[in-house]
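**Q** To start, I am sharing the structure in question, which I have written as structure tokens.
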Amino acid sequence: MNATYLDNNCNISNKYALSKIEEIKPDYFFIAQSEEHQKTDWIKISKYLKKIGGKKIVLIGPSPQWTPSLPFIIGQKYINEYEDSINFNKNLFISKDTLTSKVIRIEKHLKNDYSGTQGILYISLIDEVCNDSVCKVFVPGSQELLLYDYGHLTSSGSILAAELINKKLN
């Protein structure tokens, strides 16, 4: 796929989203993207959303990301140790140092530029699932991994993220 095709699809999607936003006029806006966060003018977007009636603008940071992917890491590192049992330790953690440098740079940029920015509530998914040294691998109370590939949340991971975001809003 070429860049023009992708850009055109994004433009079509964004145009449709903006028309729906103007039609529905929601109070809350949750904005996020997968990459190139530093190229996005979040302040300009926030001002526009406020102008059309948005009361709360929430910028959500990137999900934790590992290379290779989290399922691959778990498979390589832990499945072999537990080949006699599929019920291995669901309280497993992975060192925060193993997050991709790209996602760490994005997170740092967003925190520095948008934490405490008037009109935008920045929520770090990484801070919600990682402490200073380790990150959760499984969704608490579940047998499901947080991510199903390099950076997409599983359904249980998405529910966890929504619950964490909801706590921050209340």
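The values are calculated or read from the model by the stated rules, or taken from the named source; none is laboratory data. Since this is a predicted model, take the numbers as computed values, not measurements. Glycine also receives a Cβ, built like all others from the backbone with ideal geometry; neighbour counts cover every protein chain displayed. Note: areas computed on protein heavy atoms with side chains; ligands, DNA, RNA excluded. Shrake-Rupley method; radii C 1.70, N 1.55, O 1.52, S 1.80 Å.
**Q** Residues being assigned to a helix (DSSP H, G or I) and either out of contact with any helix residue (DSSP H, G or I) (no Cβ under 7 Å at 6 or more places or on another chain) or at pLDDT below 90 (or both): count how many of those fall in segment 115-127.
**A** In the first step, residues of segment 115-127 are kept if they are assigned to a helix (DSSP H, G or I); the result is 125-127.
Cutting the leftovers down to either out of contact with any helix residue (DSSP H, G or I) (no Cβ under 7 Å at 6 or more places or on another chain) or at pLDDT below 90 (or both) gives us 127.
Looking only at that region, the number is 1.
**Q** Could you grab me the full set of residues in segment 8-46 that are of a type in the set (Ser, Thr, Tyr) and either at positive phi or not in a helix (DSSP H, G or I) (or both)?
**A** Of the residues in segment 8-46, the ones of a type in the set (Ser, Thr, Tyr) are 13, 16, 19, 28, 34, 40, 46.
Answer for segment 8-46, where residues must be of a type in the set (Ser, Thr, Tyr) and either at positive phi or not in a helix (DSSP H, G or I) (or both): Tyr28, Ser34, Thr40.
**Q** If I ask for residues that are in contact with a strand residue (DSSP E or B) (Cβ under 8 Å, 6 or more places away or on another chain) and open to solvent by 30 Å² or more (accessible area, probe 1.4 Å), which ones from segment 123-161 would you list?
**A** Ser133, Val134, Lys136, Glu144, Leu145, Tyr150, Leu153
**Q** Mind counting the residues in segment 26-45 that are surrounded by 10 or more Cβ atoms within 10 Å (Cβ to Cβ) and of a type in the set (D, E, K, R)?
**A** Residues of segment 26-45 that are surrounded by 10 or more Cβ atoms within 10 Å (Cβ to Cβ), as a first pass: 26, 28-35, 37-38, 40, 42-43, 45.
Within this subset, residues satisfying the condition of being of a type in the set (D, E, K, R) are 35.
Count: 1.
**Q** Still on this structure, I have one more. If we keep just the residues of segment 46-64 that are without any contact (Cβ under 8 Å) to a residue 60 or more places away in the chain and open to solvent by less than 20 Å² (accessible area, probe 1.4 Å), which is farthest from Tyr150 (Cα to Cα)?
**A** As a first pass, look at segment 46-64 and keep what is without any contact (Cβ under 8 Å) to a residue 60 or more places away in the chain: 48-49, 51-55.
With open to solvent by less than 20 Å² (accessible area, probe 1.4 Å) added as a condition, the list becomes 49, 54.
Details: Leu49: 31, Gly54: 32 Å.
Selected residue: Gly54.
**Q** From (1) in a loop (DSSP other than H, G, I, E, B); (2) at pLDDT 85 or above; (3) over 21 Å from the mean Cα position of the chain (by Cα), pick out the condition that doesn't hold for Pro62.
**A** Pro62 satisfies every listed condition except (3).
**Q** Another question about this same structure. Could you give me the residue pairs with C-beta distances under 7 Å whose first residue belongs to segment 104-126 and is at positive phi, whose second residue is crowded, with 16+ Cβ neighbours inside 10 Å wherever it lies, and which are 6+ apart or on separate chains?
**A** Filtered contacts from segment 104-126: Gly119/Ser46; Gly119/Ile57.
**Q** Go through segment 65-101 and count every residue that is open to solvent by 50 Å² or more (accessible area, probe 1.4 Å), among the charged types (D, E, K, R) and modelled with pLDDT of 65 or more.
**A** Summing the residues that are open to solvent by 50 Å² or more (accessible area, probe 1.4 Å), among the charged types (D, E, K, R) and modelled with pLDDT of 65 or more in segment 65-101 gives 2.
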